[in-house]
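Here's the structure, in structure tokens; my notes come after.
Coordinate-derived values only; no laboratory data. Every value quoted in this text rests on a predicted model; they were computed, and no experiment measured them. Here Cβ is always computed from backbone atoms with ideal geometry, including for glycine, and neighbour counts include all displayed protein chains.
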Amino acid sequence: MKLILLLTLLFSAGAHASELAQAFSAKDFRKVEEIYKRNPDQSYTPKELVYISYSLRRLGFYRQDIKLNVRLINEKYKKLHRKIVSDVARGETIDSEGYPEALKVLYWNLLNDYGRIIKSYEKQSKLIDKDHKHYLMFSKILSELEFREGKVDRFNDKILAHLKHLEDKVYRFTRSLSFQYVSWQTEATLAGNAKDTGLVITNSGVCAGGEAGWENAFYHFYVDGCVIAGSGGVSADASSPVTYQQSSVPAYGAKLSPGASMIVSSSGSRIGVRLPIIYTHQTLQDPKSDNYNIEQNEPLAYVASLYSRWQFKTWYFQSEFGKYFQAEQTYWGLGLGKNF
Amino acid sequence: MKPLILVFVLLLSPAAWSYTQFIGHGYTSCLNCHYNPSGGGPLNDYGRVVSATLISSGALYPKVWNEERVADSSGFFFRKPTQNWFRSQINYRGFQLVQNPGSTRSEQKRWINMQADARAIVKFGENDRFVGVANFGYSPVPENLKGEEPEWRSREHYLGYRVTPKVGIYAGLMDKVFGIKVIEHIAFSRQAPEVMQNDQTHGVLAHYLGESWEAFAHGFAGNLTQDEDLRMKGGSVSVERTAFGVHRLGASVMSSRNQYQELLSYSTHARLNLKEGSAVLTEVGQVQRKTDNGSDDRTMRYGLLQTYLRPTRGLYFLSNIEYFKRDTTESDYTVRWGPGVQFFPAQRLELRFDAYNTRSFSPDTSSKDSWMYLVQTHIWL
């Protein structure tokens with residue numbers, strides 16, 4: 001409101017009471033805007049133009065306000081404006097004392113209008129570049145005029161932060177190759193004539209593959225796939241009296257996981273979840289007895305896993321801890337990857 | 001089974017309050033926040049402010065409180081100290097331990113009061129040049145040792161003097177300086193070299209804190225409250241160097257012996273700053289053990305990889321991966337893997353969940369993994 005008072009005083013010569021002024025006095029900004037909209041080209045007094053400008057900003061009609069402020073500048077300070085634009089472009093020193101306060105206020109209005117327009121964008125757009133260019137021009141002019149420097153700096157910071165936020169929200173396609181040490185446990189049954197015995201198979205190996213997906217600065221959605229090669233030892237659980245043991249039984253397979261992560265630091269480190277489907281093939285030898293045979297579980301397993309990644313530029317370490325659905329077993333992975 | 005559980009949980013509790021992962025907030029040296037330069041034990045005034053502001057979630061604070069107001073309330077019983085020479089602290093930590101949760105094997109649950117400490121600190125001179133720290137508290141004793149070991153004991157008591165801001169000398173009962181002082185004393189990296197819950201020792205610690213180097217030399221004579229034959233006497237050296245301005249790389253060596261065994265431990269470690277509070281801690285080491293009669297001579301090997309990822313203020317997601325080989329000449333080894341969550345809803349309160357899935361690898365046998373989880377509450381005043 002101080003702005004209004006200042007501008008009203010500066011532009012007060014010849015001002016007269018009007019329907020517009022009455023509406024403004026009553027803080028009926030909508031009516032002020034309606035009056036202006038009915039006849040925008042009417043020859044308003046400078047005081048009325050200030051009322052209209054303020055009302056437009058209050059109502060969020062920033063582009064109309066820009067037009068109005070430009071109109072005010074052109075009507076009152078055309079030469080001065082051309083000079084300062086030219087001087088700023090040439091990098092010349094500006095004598096802020098040589099410019100009237102009212103003009104500085106109009107520049108401040110324009111800075112605010114463009115700033116608020118930029119802040120209204122919720123996603124990246126080519127239109128932002130144009131508005132940002134104008135914003136930067138008025139920011140530069142106000143800095144040269146040493147007008148409300150602290151406020152201008154703070155507003156600049158907010159605009160920069162908003163532009164960065166918009167940039168951060170943009171999803172980009174990403175892909176990487178990875179190599180992991182993995183370990184998983186499965187179960188089998190040693191079926192006997194008298195009694196069945198549970199067997200535990202503890203495997204370890206490597207899983208080589210990669211992932212592709214989309215990520216922005218906050219989230220990562222992707223599909224990860226890798227080929228497993230490893231081996232494991234199998235025996236009856238320690239509590240069982242039955243003796244069955246095999247070492248280094250080869251195991252092959254593949255793992256496919258859709259996943260989603262939340263990126264928690266500017267380094268790109270992230271935590272998330274994956275839903276791997278793991279196919280493994282591993283053949284256990286039947287015991288040399290007609291009374292026993294091996295019954296292996298389904299080769300396909302469904303897992304829910306927690307995933308974390310520690311990013312160091314394009315390289316990353318990753319760890320995965322998964323638990324099989326409807327089973328006690330777990331799947332682990334620890335490895336290295338590189339974004340391309 | 002109960003004594004076994006208690007032996008196990010004794011290994012779980014932190015001897016002192018030491019969060020080395022806060023390198024993720026830019027704190028490379030423990031001296032920033034603790035009176036003890038190797039970390040753990042009472043927080044200094046700055047440490048309490050950091051704990052109240054940077055570490056704890058602000059969600060429960062009154063909305064009208066700014067950071068300065070929160071910092072002012074970080075003292076003992078929410079008060080701003082009115083003098084500069086005395087500080088006191090009280091700590092409680094308890095947890096629910098669940099073994100074999102939801103398993104076909106028997107599930108076991110119990111609540112453990114793990115820690116109840118009262119701490120007093122006297123300090124004088126510029127930048128706390130002279131400090132005296134006493135920390136007395138409760139520590140549960142396994143059933144089989146009841147009556148032989150006290151449940152209430154001095155966890156630490158020492159005097160410290162900073163000769164210069166870079167050099168300090170500390171003498172008294174303290175944790176041995178070795179490797180990364182992670183909070184989990186269940187960690188193989190703390191078990192193998194015997195730097196756990198109740199392994200404090202009387203000794204003299206020299207500390208150097210330079211621009212990019214930090215070094216400790218610790219000479220110790222064992223815990224003088226123990227019987228003479230049990231006291232582990234020796235010394236340790238630990239060195240860390242700042243790398244790329246924000247990370248720390250280090251190495252430690254420690255030699256100690258009593259009448260029954262001799263340990264030579266050596267390790268290398270890294271503390272990596274992943275920015276905005278997230279960090280990775282990693283350590284690999286070996287411990288050569290010689291027994292007086294040669295019956296249990298062996299070299300143990302361990303590895304630790306611990307991650308703290310911080311999605312928002314006050315909240316940390318953990319990933320804990322450990323490796324342990326009881327005897328390097330044998331093929332058997334154990335890997336422990338587990339996720340966890342650590343939450344500081346407000347200053348003076350920590351809630352934590354840790355799951356542990358332990359797998360044994362052996363060419364001869366294959367056994368089911370063991371499972372366990374802990375739900376911890378930690379309160380300090």
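Per-residue extension of 0.36 nm, minus the Cα-Cα distance of B:Gln259 and B:Gln226, leaves a gain of 10.6 nm for this segment.
Relative contact order for chain A: 11 percent, from Cα pairs under 8 Å spaced at least 6 residues apart, divided by residue count. Applying 1/(1 + (r/R0)^6) with r as the Cβ-Cβ distance of A:Arg30 and A:Glu122 and R0 = 22 angstrom yields a FRET efficiency of 0.30. Between B:Leu54 and B:Asn66, the distance separating the two model label sites (each 7 Å from Cα on the Cα→Cβ line) works out to 2.0 nm.
Would you mind putting B:176-184, A:216-224, B:78-86, A:183-191 in packing order, based on average other-beta-carbon counts within 10 Å, highest first?
Working: B:176-184: 25.7, A:216-224: 17.2, B:78-86: 10.4, A:183-191: 20.1.
The densest-packed peptide leads the list: B:176-184, A:183-191, A:216-224, B:78-86.
Take every pair of alpha-carbon atoms less than 8 Å apart whose residues are at least six positions apart; their mean separation over the length of region A:2-169 yields a relative contact order of 20 percent. For chain B, calculate the relative contact order in percent as a whole number, restricting contacts to Cα pairs under 8 Å that are 6 or more residues apart. That works out to 16 percent.
Checked against a 31 Å cut-off, the cross-linked pairs A:Lys37/A:Lys126; B:Lys233/B:Lys275; B:Lys181/B:Lys275; A:Lys47/A:Lys123; A:Lys126/A:Lys255 give Cα-Cα distances beyond that limit for B:Lys233/B:Lys275; A:Lys47/A:Lys123; A:Lys126/A:Lys255.
The label-point distance for B:Glu211 and A:Ser96, in a model that sets each label 7 Å from Cα toward Cβ, rounds to 3.9 nm. Cβ distances below 4.7 Å define possible disulfide partners, and in the protein assembly as shown the cysteines left without one are B:Cys30, B:Cys33. Counting, for every residue in B:359-372, the Cβ atoms of other protein chains within 10 Å of its Cβ and taking the mean gives 6.
Computed from label points 7 Å out along Cα-Cβ, the spacing between B:Arg298 and A:Asn193 is 4.2 nm. Among the residues of B:279-289, the average count of other protein chain beta-carbon atoms within 10 Å of the residue beta-carbon is 1. Each peptide in A:46-53, B:248-255 receives the mean, over its residues, of other Cβ atoms within 10 Å, and ordering these scores from highest gives A:46-53, B:248-255. The stretch between A:Ala229 and A:Val85, if pulled fully straight at 0.36 nm per residue, gains 45.0 nm over its current Cα-Cα span.
Between the alpha-carbon centres of region B:41-111 and region A:126-196 there is a gap of 32 Å. Pairs spanning more than 21 Å between alpha-carbon atoms, out of A:Lys67/A:Lys104; B:Lys290/B:Lys368; A:Lys31/A:Lys130; A:Lys31/A:Lys133: B:Lys290/B:Lys368; A:Lys31/A:Lys130; A:Lys31/A:Lys133. Please report the spacing between the Cα centers of region A:301-331 and region B:221-300 in Å, no decimals. If we compute the Cα centre of each part, the gap is 30 Å. Taking amide H atoms as placed 1.01 Å from N in the peptide plane, the amide H of B:His34 lies under 5 Å from those of B:Asn44, each 5 or more residues away in sequence or on another chain.
In straight-distance terms, cross-link reach from A:Lys164 covers every one of the aspartates and glutamates whose alpha-carbon lies under 17 Å from its own, apart from those fewer than eight places away in the same chain; here that gives A:Glu122, A:Asp129, A:Asp131, A:Asp153, A:Glu215.
At a 10 Å Cβ-Cβ cut-off, how would you order B:Tyr323, B:Tyr316, fewest neighbours first?
Values: B:Tyr323 18, B:Tyr316 25.
Least to most surrounded, the residues fall as B:Tyr323, B:Tyr316.
Between the beta carbons of B:Phe343 and A:Asp41, assuming R0 = 60 Å, the FRET efficiency works out to 0.45 to the nearest 0.05. Helical runs (DSSP H, four residues minimum) scored at -39500 (n - 2.57) apiece and divided by the length of chain B put the mean residue ellipticity at 222 nm at -1500 deg cm²/dmol.
Given N residues in chain B, what is its alpha carbon radius of gyration divided by 2.2 N^0.38 Å?
Here the Cα radius of gyration is 0.97 times the empirical estimate.
In terms of other Cβ atoms within 10 Å, B:Thr307, A:Thr314 run from fewest to most in the order A:Thr314, B:Thr307.
Look at the dipole of the protein assembly as shown built from charges on Cβ: of B:Gln197, A:Leu163, A:Gly233, the Cα furthest out on the positive end belongs to A:Leu163. Remark: chain B carries a charge dipole of roughly 920 debye about the Cα centre, counting +1 on each Lys and Arg Cβ and -1 on each Asp and Glu Cβ.
Please report A:Glu211, B:Glu151, B:Glu194 as a ranked list, fewest other C-beta atoms within 10 angstrom at the top and most at the bottom.
Starting with the residue having the fewest Cβ neighbours, the order is B:Glu151, B:Glu194, A:Glu211.
FRET efficiency for B:Val163 and A:Lys151, Cβ-Cβ distance as r, R0 = 60 Å, nearest 0.05? Efficiency at R0 = 60 Å is approximately 0.75.
What does the structure give for A:324-334 when I average, per residue, the other chain Cβ atoms found within 10 Å of the residue Cβ?
The shielding value for this peptide is 3.
The slack between A:Asp237 and A:Arg71, meaning 0.36 nm per residue of separation minus the straight C-alpha distance, is 51.0 nm. Peptide packing: for B:360-367, A:160-167, the average count of neighbouring Cβ atoms within 10 Å per residue gives the ranking B:360-367, A:160-167, highest mean first. With the convex hull drawn around the C-alpha atoms of region A:35-184, the volume per residue stands at 194 Å³. Binning all Cα-Cα separations of the protein assembly as shown at 10 Å, short to long from zero, yields these whole-percent fractions: 3, 12, 18, 19, 15, 12, 9, 7, 4, 2, 0, 0.
Across the alpha-carbon set of chain A, the Rg to Rh ratio works out to 1.35, Rh being the Kirkwood radius.
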